[in-house]
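The values are calculated or read from the model by the stated rules, or taken from the named source; none is laboratory data. Since we're looking at a predicted model, the values are computed, not measured. Methodologically, a virtual Cβ is constructed for each residue, glycine included, from the backbone with ideal geometry; neighbour enumeration extends over all protein chains shown. Areas reflect the complete protein model, heavy atoms only, side chains present, ligands, DNA and RNA absent. Shrake-Rupley method; radii C 1.70, N 1.55, O 1.52, S 1.80 Å.
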Amino acid sequence: MSDDTSGTEPLVRVRNLEKYYYENDTVIDSLLRRDPESVQAVDGVDLDVRRGETLGLVGESGCGKSTTGETVLRLREPTGGRVTFDGADLSELSDAELTAFRERAQIVFQDPFSSLDPRMTVGEVVTEGLRIHDRPEEAPPGTSKREARRQRAEELLERVGLS
């Protein structure tokens, strides 16, 4: 984490993020007021990501990289802490706002074989995301939505140096 010296808020700010999994959380534990055993998958994570920056989480297997990413995106609910994206507290988003947020922030999972369909080209994978999120909403005159999505996928791939 770095101090904010630019005077602008980070795009993503995470403070004291926690994600615990509980074992033996039973009715008997509740009746006897016993605390269930917890596994601290993520404990006290702080980070800032500014516009234009890329963050990579690196660590050994089982250290909480995927859980951190999933919790930041609210694919898993945090046990504690706060995550803001573009100034909005993610814990306060409605379902519709959370869907809109997930169009802007996504995770790249570490296992490409479970993330990518090997029967699809890279262009088809990118176009599929555009189709799922109904992008573009309107195609230019004389162009179908399908063709507009294909053209947008080509633009995006070229932008990152892929022909």
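Working only within the range 71-113, note down all residues that are among the β-branched types (Val, Ile, Thr) and touching a Leu at 6+ places or on another chain (Cβ under 8 Å). Thr71, Val72, Val83, Thr84, Ile107 - these are the residues of the range 71-113 that are among the β-branched types (Val, Ile, Thr) and touching a Leu at 6+ places or on another chain (Cβ under 8 Å). Going through (1) under 22 Å from the mean Cα position of the chain (by Cα); (2) over 30 Å from Leu17 (Cβ atoms); (3) open to solvent by 60 Å² or more (accessible area, probe 1.4 Å) one by one, Thr127 falls short only on (3). All of Leu162, Leu156, Leu130 fail the test of being over 30 Å from Gly62 (Cβ atoms) and touching a residue at least 40 places away in the same chain (Cβ under 8 Å), apart from Leu162. Just one of the listed residues (Phe101, Phe113) is touching a Phe, Trp or Tyr at 6+ places or on another chain (Cβ under 7 Å) and either open to solvent by 70 Å² or more (accessible area, probe 1.4 Å) or of a type in the set (Phe, Trp, Tyr) (or both), and it is Phe101.
Exactly one residue out of Arg82, Arg74 is under 25 Å from Ser38 (Cα atoms), open to solvent by 90 Å² or more (accessible area, probe 1.4 Å), touching a strand residue (DSSP E or B) at 6+ places or on another chain (Cβ under 9 Å) and not acidic (Asp, Glu): that is Arg82. Just a yes or no: is a residue in the range 5-23 open to solvent by less than 80 Å² (accessible area, probe 1.4 Å), modelled with pLDDT under 90 and either within 16 Å of Leu73 (Cα to Cα) or in contact with a Ser or Thr (Cβ under 9 Å, 6 or more places away or on another chain) (or both)? So far as the range 5-23 goes, yes, one or more of its residues are open to solvent by less than 80 Å² (accessible area, probe 1.4 Å), modelled with pLDDT under 90 and either within 16 Å of Leu73 (Cα to Cα) or in contact with a Ser or Thr (Cβ under 9 Å, 6 or more places away or on another chain) (or both). For the range 140-163, taking the residues that are charged (D, E, K, R) and under 16 Å from Gly129 (Cα atoms), the one that is surrounded by the fewest Cβ atoms within 10 Å (Cβ to Cβ) is identified as Glu155. Just wondering, is there one or more residues in the range 147-160 that are of a type in the set (D, E, K, R) and closer than 24 Å to Leu73 by Cα? No; the residues of the range 147-160 include none that is of a type in the set (D, E, K, R) and closer than 24 Å to Leu73 by Cα. Entry remark, the range 79-96: residues being in contact (Cβ under 8 Å) with a residue 40 or more places away in the chain and not basic (Lys, Arg) number 8 in total. Condition test on Pro136, is it exposed (fewer than 15 other Cβ atoms within 10 Å of the Cβ) and assigned to a loop (DSSP other than H, G, I, E, B)? Against the criterion (exposed (fewer than 15 other Cβ atoms within 10 Å of the Cβ) and assigned to a loop (DSSP other than H, G, I, E, B)), Pro136 qualifies. Please enumerate the residues belonging to the range 74-125 that are part of a loop (DSSP other than H, G, I, E, B), under 20 Å from Arg51 (Cβ atoms) and modelled with pLDDT under 90. Ala105, Gln106, Ile107, Val108, listed by residue number.
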